[in-house]
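S.K.: So that we are looking at the same thing, I have put the structure below in structure tokens.
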Amino acid sequence: MSDWQIFKYAELDSTNNKALKLADVGRQKIVIQAEQQTAGRGRRGRSWSSLAGNLFFSQVFAFDMQSIGALVIICSLSVLQTIKDFFPQADVSLKWPNDVLLNQAKVCGMLIEKGEGNNIIVGIGVNVAQSPENSVMMYPTISLTEAGYNVNKDSFLQKYLQVFDENFINWQQNNISALRQLWESYAYRLGDNIVVRQNSQEEGGIFGGIDENGNLLLQQNDRIKKIIVGDVFYLGK
Ligand code: BTN
């Protein structure tokens, strides 16, 4: 059993919003979970379609924002390992920066935000029961149930928190190196030609993995460019 304190709500606008408010009053190592979200938020100002039966939660804990890259690696890997723990045969992979894919379609997204003081908010949405229409998303989407994997979402959350704690301690006691290598071993389409879109700008190159700070490594002729933010589109080998 993990020592995270879980606060469960029937409905919230966004678990990240609630977490940001609670982080204000200095609570730590808490999880805000909601059965439903009326205004779920995604990365880069997008909305997160919060369908019934899916898992929505936000972790609040003290964290040094300078190590945010390590946290991105730890959290996405932890969701992937949780799926693997329940369903060892699942075809799961990681799409930079922090999407988890199942059968090459998005099953989980996360939104990491800075809270008051030294608190960080890690908001995670897992498509457990349903997935949004592909037409409203930039990428194909899937849910665990649609892929034939049935799991209780509260059990999923408990397992995730345990795996997260193990990875977090591993990182604190060692460094991010082993977790980074593990992340890359699950990276979706390493070595593919990709385009990274950042607002109106585009950068092309070969997806060469990630560095110790979670930045994407883009190979461009004889140089490697580090990408800090953006959306990745795959163009094939
Ligand atoms: C993304 O892929 O764009 C990130 C999606 C993050 C969604 C989760 S659901 C729980 C938490 N609350 C929110 O409003 N957003 C995150």
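S.K.: With the other protein chains left in place, how much accessible area per residue, in square angstrom, belongs to the range 193-234 at a 1.4 angstrom probe?
M.R.: Per-residue accessible area for the range 193-234 comes out at 55 Å².
S.K.: Of the listed peptides 193-200, 29-36, what is their order by residue-averaged count of other C-beta atoms within 10 Å, with the highest listed first?
M.R.: Ranking the peptides 193-200, 29-36 by packing returns 29-36, 193-200.
S.K.: Could you work out how far apart the two model spin labels at residue 224 and residue 91 are, taking each label as a point 7 Å from the Cα in the direction of the beta carbon, and quote it in nm?
M.R.: For the pair residue 224/residue 91, the computed spacing is 2.9 nm.
S.K.: Hey, another quick one. Tell me, what is the percent relative contact order of the range 109-220, built from C-alpha pairs under 8 Å that lie six or more residues apart?
M.R.: After rounding, I find 12 percent.
S.K.: While we're on this one: Mind checking the angle between helix 15-24 and the chain's longest principal axis? C-alpha axes, 0 to 90 degrees, to the nearest 10.
M.R.: So the helix axis and the longest Cα principal axis differ by about 70 degrees.
S.K.: So, one more: What's the lysine pair count for the chain at a Cα cut-off below 12 Å, pairs eight or more apart or interchain?
M.R.: 4
S.K.: Kindly report the accessible area of the range 51-103 per residue (heavy atoms of protein chains, probe 1.4 Å, no ligands, DNA or RNA), in Å².
M.R.: On a per-residue basis, the range 51-103 sits at 27 Å².
S.K.: Say a paramagnetic label sat at a point 7 Å from the Cα of residue 65, along Cα to Cβ; which residues of the range 149-182 have their backbone N under 16 Å from it?
M.R.: Answer for the range 149-182: none.
S.K.: Related question: Using alpha carbons only, how many degrees (0 to 90, rounded to 10) separate the axis of helix 68-86 from the longest principal axis of the chain?
M.R.: 70
S.K.: Using 1/(1 + (r/R0)^6) with R0 = 22 angstrom and r between the beta carbons of residue 237 and residue 175, what's the FRET efficiency to the nearest 0.05?
M.R.: Approximately 0.10, to the nearest 0.05.
S.K.: Gap in Å between the Cα centre of the range 33-71 and the Cα centre of the range 157-186?
M.R.: 19
S.K.: Could you compute the FRET efficiency for residue 185 and residue 21, with r as their C-beta to C-beta distance and R0 at 35 Å, rounded to 0.05?
M.R.: Efficiency for this residue pair is about 0.40.
S.K.: Express in Å², to the nearest 10, the accessible area of residue 85 obtained by rolling a 1.4 Å probe over the protein heavy atoms while all chains stay in place.
M.R.: Solvent-accessible area, nearest 10 Å²: 90 Å².
S.K.: Using only the alpha-carbon atoms, how far is helix 153-173 inclined from the longest principal axis of the chain? Give it as 0 to 90 degrees, nearest 10.
M.R.: 60
S.K.: Round to a whole number: what % of the accessible area of the range 193-234 belongs to carbon and sulfur, probe 1.4 Å?
M.R.: Reported share for carbon and sulfur atoms: 43 percent.
S.K.: If you don't mind, another one. Determine the relative contact order of the range 171-231: mean sequence separation of Cα pairs under 8 Å and six or more apart, normalised by residue count, in whole percent.
M.R.: Value for the range 171-231: 25 percent.
S.K.: Put a dot 7 Å past each Cα toward the Cβ at residue 84 and residue 211; how far apart are the dots in nm?
M.R.: 2.6
The values are calculated or read from the model by the stated rules, or taken from the named source; none is laboratory data. Quantities reported herein were computed from a predicted structural model and do not represent experimental measurements. With ideal geometry, Cβ positions are generated from the backbone for all residues, glycine too; neighbour counts draw on all protein chains shown. Surface areas here come from the heavy atoms of the whole protein model, side chains and all, with no ligands, DNA or RNA. Shrake-Rupley method; radii C 1.70, N 1.55, O 1.52, S 1.80 Å.
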